[in-house]
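Here's the structure we're looking at; comments come further down.
The values are calculated or read from the model by the stated rules, or taken from the named source; none is laboratory data. Every value quoted in this text rests on a predicted model; they were computed, and no experiment measured them. Because the Cβ atoms are built from the backbone with ideal geometry, glycine has one as well, and the counts that use them run over all protein chains shown.
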Amino acid sequence: MAPAPAPAPALKVLDLPYFQEWGVGDAAAAGSADDNIIQVTPQVQRRRDAKLERLELGLAKARAAIREAIKNKEKLPPLPDKDYVPVGPIYRNAYAFHRSYLEMEKLFKVYVYEEGEPPVFHDGPCRSIYSTEGRFIYAMEAESRMRTRDAGEAHAFFLPFSVVKMVKTIYEPRSRDMAPLRRTVSDYIDVVAARHPHWNRSLGADHFMLSCHDWGPYVSAANVHLFSNSIRVLCNANTSEGFDPSRDVSLPEINLRSDAVGGQVSEYLPGRRGGASSYTDMMRRSRFCLCPSGYEVASPRVVEAIYLECVPVVIGDDYALPFADVLNWPAFSVRVAVGDIPRLKEILAAVSPRQDIRMQRRGRALRRHFMVSDGAPRRFDVFHMILHSVWLRRLNVRVVAPPA
């Protein structure tokens with residue numbers, strides 16, 4: 001049974017009209033009226049942490065820049081960018097997203113814990129529907145721009161365990177017993193908490209895990225603070241099972257056929273043997289591509305449809321769509337609740353050919369955000385969009401270390 005979640009903000013970060021206050025521990029202190037953000041105060045702190053104060057000052061300036069971008073989106077010209085300038089209705093607020101992304105590139109630093117040994121830690125699957133799990137772990141380990149080796153410079157801390165690898169190496173097949181997986185995660189957090197001050201300092205609020213396995217949410221329940229405070233990046237983004245879009249991140253499920261890091265992007269379309277080309281051709285020729293949920297809420301068909309310029313028809317309830325704090329999903333997809341499946345034909349018939357063409361064109365424009373780059377990750381690709389989602393949620397937390 002999942003632990004009861006702690007209070008969390010009921011807002012999407014990029015809307016940013018205000019930040020809800022949230023204190024952790026007996027020493028929690030409220031923020032000022034001008035800076036109402038989630039405030040995490042450690043239960044024990046013996047001396048002032050000047051490094052932490054500098055980090056939080058930088059985040060406060062970034063928040064202010066994003067707030068200003070939201071207010072002035074209609075008044076200012078697009079921000080200069082040599083690679084890509086987000087524009088158009090595919091974004092909830094293109095100008096604010098671009099400002100936030102540039103602030104992330106300028107400021108954001110992630111510390112990857114070095115504890116643990118492969119295959120359960122620092123490793124992961126790089127093909128199949130779980131590929132985003134391994135690809136992100138490898139890319140984060142190799143990242144030179146936003147990864148820091150100095151934990152004192154980090155805004156966020158990555159817990160580099162792979163639930164898929166745990167299932168393959170620790171789980172007893174057909175037992176349905178997840179206790180060994182949970183113990184592994186619980187023991188790992190105990191180790192990093194004993195060796196480093198950062199977990200206890202924030203009770204995990206500036207830490208994140210990532211899993212594309214359906215059991216990711218259940219494994220995260222191994223530690224109450226991991227489940228309730230930390231940023232959980234999950235393919236199984238089911239809001240009926242404790243996924244909180246304001247704190248957690250929905251991870252796109254991408255089905256890669258090759259496990260070679262640095263393979264071609266096209267290798268993920270689709271991950272099937274036999275009939276692959278006819279399946280792909282059929283999707284390319286279709287106006288709409290049905291994307292029902294799999295065993296859980298996520299489906300790799302959503303990304304396949306986007307890449308093949310077919311309008312995704314997302315069928316299911318309680319699924320928090322990937323990057324929805326930035327992307328305006330109704331502009332390029334159709335959402336159908338399970339209860340409305342009998343009306344599916346009617347719903348799709350109501351979409352005019354003109355609307356359909358417009359949605360296909362918009363889908364083509366946003367494909368870069370779901371690309372698995374060959375070689376090193378590229379700006380605005382899926383790796384950086386995941387990091388940007390973590391960045392937004394880190395902006396919604398202030399870790400306070402009071403003076404002695």
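Scanning the range 169-180 for residues that are under 15 Å from Glu117 (Cα atoms) and assigned to a helix (DSSP H, G or I) returns a single hit, Thr169. Taking the range 379-404 as the range and being in contact (Cβ under 8 Å) with a residue 24 or more places away in the chain and part of a loop (DSSP other than H, G, I, E, B) as the test, the residues that pass are Arg379, Phe380, Asn396, Val400, Ala401, Pro402, Pro403, Ala404.
Taken over the range 158-177, the criterion of being of a type in the set (A, V, I, L, M, F, W, C) and either surrounded by fewer than 22 Cβ atoms within 10 Å (Cβ to Cβ) or at pLDDT below 95 (or both) is satisfied by Val167, Ile170. A single member of Ala205, Ala222 is small (Gly, Ala, Ser), within 29 Å of Trp329 (Cα to Cα), modelled with pLDDT of 95 or more and in a loop (DSSP other than H, G, I, E, B), and it is Ala205.
Look at (1) in contact (Cβ under 8 Å) with a residue 24 or more places away in the chain; (2) under 28 Å from Ala156 (Cα atoms) and you find that Trp329 fails only one, number (1).
Restricting attention to the range 197-206, does a residue exist that is farther than 25 Å from Ile386 by Cβ, in the same structural domain as Tyr130 (by TED's automatic domain parsing) and either surrounded by fewer than 19 Cβ atoms within 10 Å (Cβ to Cβ) or of a type in the set (Asp, Glu) (or both)? Yes, the range 197-206 contains at least one residue that is farther than 25 Å from Ile386 by Cβ, in the same structural domain as Tyr130 (by TED's automatic domain parsing) and either surrounded by fewer than 19 Cβ atoms within 10 Å (Cβ to Cβ) or of a type in the set (Asp, Glu) (or both). Of all residues in the range 279-293, those satisfying the criterion of being touching a residue at least 12 places away in the same chain (Cβ under 8 Å) and either in a helix (DSSP H, G or I) or more than 24 Å from Ala350 (Cα to Cα) (or both) are Thr280, Met283, Arg284. The combined condition, being closer than 21 Å to Ile254 by Cβ, outside the structural domain of Asn238 (by TED's automatic domain parsing), of a type outside the set (Phe, Trp, Tyr) and not in a strand (DSSP E or B), is fulfilled by Ala376. Taken together, Ile386, Ile341, Ile315 contain a single residue that is at pLDDT 95 or above, surrounded by fewer than 21 Cβ atoms within 10 Å (Cβ to Cβ) and within 24 Å of Arg92 (Cβ to Cβ), which is Ile315.
Listed by first and then second residue, the pairs with beta-carbon distance under 9 Å, at least 6 apart or on different chains, first residue in the range 95-116 and closer than 28 Å to Val163 by Cβ, second surrounded by 20 or more Cβ atoms within 10 Å (Cβ to Cβ) and of a type in the set (Lys, Arg), are Phe108/Arg394.
The condition (being in a loop (DSSP other than H, G, I, E, B) and out of contact with any helix residue (DSSP H, G or I) (no Cβ under 7 Å at 6 or more places or on another chain)) is satisfied by just one residue among Ala365, Ala298: Ala298. State all residues of the range 307-347 that are part of a helix (DSSP H, G or I), in contact with a helix residue (DSSP H, G or I) (Cβ under 9 Å, 6 or more places away or on another chain) and hydrophobic (A, V, I, L, M, F, W, C); if no residue qualifies, say none. Result: Ala331, Ile347. Residue count for the range 237-247, restricted to those that are over 11 Å from the mean Cα position of the chain (by Cα) and either crowded, with 24+ Cβ neighbours inside 10 Å or over 27 Å from Val303 (Cβ atoms) (or both): 0.
Just give me the residues in the range 112-145 being buried (at least 20 other Cβ atoms within 10 Å of the Cβ), of a type in the set (Ser, Thr, Tyr) and either out of contact with any strand residue (DSSP E or B) (no Cβ under 7 Å at 6 or more places or on another chain) or over 21 Å from Leu234 (Cβ atoms) (or both), in sequence order. Selection gives Tyr130, Thr132. Among the criteria (1) more than 17 Å from Phe323 (Cβ to Cβ); (2) crowded, with 22+ Cβ neighbours inside 10 Å; (3) modelled with pLDDT of 95 or more, the one Gln355 does not fulfil is (2).
Considering only residues in the range 218-232 that are over 12 Å from Leu181 (Cβ atoms) and of a type in the set (A, V, I, L, M, F, W, C), the one that is surrounded by the fewest Cβ atoms within 10 Å (Cβ to Cβ) turns out to be Val224.
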